[in-house]
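The values are calculated or read from the model by the stated rules, or taken from the named source; none is laboratory data. Only a predicted model underlies this, so the values are computations on that prediction, with no experimental measurement involved. Cβ sites come from the backbone with ideal geometry, for glycine too, and all protein chains shown count toward neighbours.
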Amino acid sequence: MNLKKTTAIFTVLLMAVFTFNLTAQTVTPSQKQGDDKISDADLKKYTKVSDGLSEMQQNSRAEMEAIVKDNGMELNRFSEISRAKQSGNEIEMTGEEEKNYNTISRKIQEYNQKNQQKAMQILKKHSLSQQKFMQIRQQLRSDKELQTRLKNIQEQ
């Protein structure tokens, strides 16, 4: 497995934790109507938050790779074990690998919890609620007009 693929797995792990925590407060269709229109100011905040989260994500890759290596396991092997465990498959591990894997998993979970707090600080810094962030993100998936507005704001 190449480094790009390994990095992608770590990115997915990190964003899964972040997304899971944010989607705990998902937006229902009735919440998107009426007073919850998305203003240009909201889109500017969304852009700043997204930039902050992207920067945090880039820093996290190197940190999580270091956690794996510093705890006695190669990235490829850790990724292989993680994939097998996530898909519910058995995988052969030595006693040392199992110990290291468990230690690494715990440390990554702790690291992700700290990143979740950092993500909340980024939202707070830019005065954007989790709910509004998720609403914008969700609407951007299908609303072409909103996508255009965001692109214009990002180009300013």
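The set of residues in the range 84-100 that are in a helix (DSSP H, G or I) and either farther than 27 Å from Gln117 by Cα or modelled with pLDDT under 95 (or both) comprises Ala84, Lys85, Gln86, Gly95, Glu96, Glu97, Glu98, Lys99.
Table: residues versus (1) within 26 Å of Asp42 (Cα to Cα); (2) surrounded by 15 or more Cβ atoms within 10 Å (Cβ to Cβ); (3) without any contact (Cβ under 8 Å) to a residue 60 or more places away in the chain.
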position: Asn89; (1), (2), (3): no, no, yes
position: Glu96; (1), (2), (3): no, no, yes
position: Ile136; (1), (2), (3): yes, yes, no
position: Glu155; (1), (2), (3): yes, no, yes
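Taken as a whole, the structure places Met56 among residues that are closer than 28 Å to Ser39 by Cβ and at pLDDT below 95. Please name all residue pairs, on different chains or six or more residues apart, with Cβ atoms under 6 Å, provided the first residue is in the range 41-54 and is without any contact (Cβ under 8 Å) to a residue 12 or more places away in the chain and surrounded by 19 or more Cβ atoms within 10 Å (Cβ to Cβ) and the second residue is not in a helix (DSSP H, G or I) and not charged (D, E, K, R). Cβ pairs passing all conditions: none.
Restricted to the range 59-83, and to residues there that are closer than 25 Å to Gln113 by Cβ and of a type in the set (S, T, N, Q), the residue that is modelled with the lowest pLDDT is Asn59.
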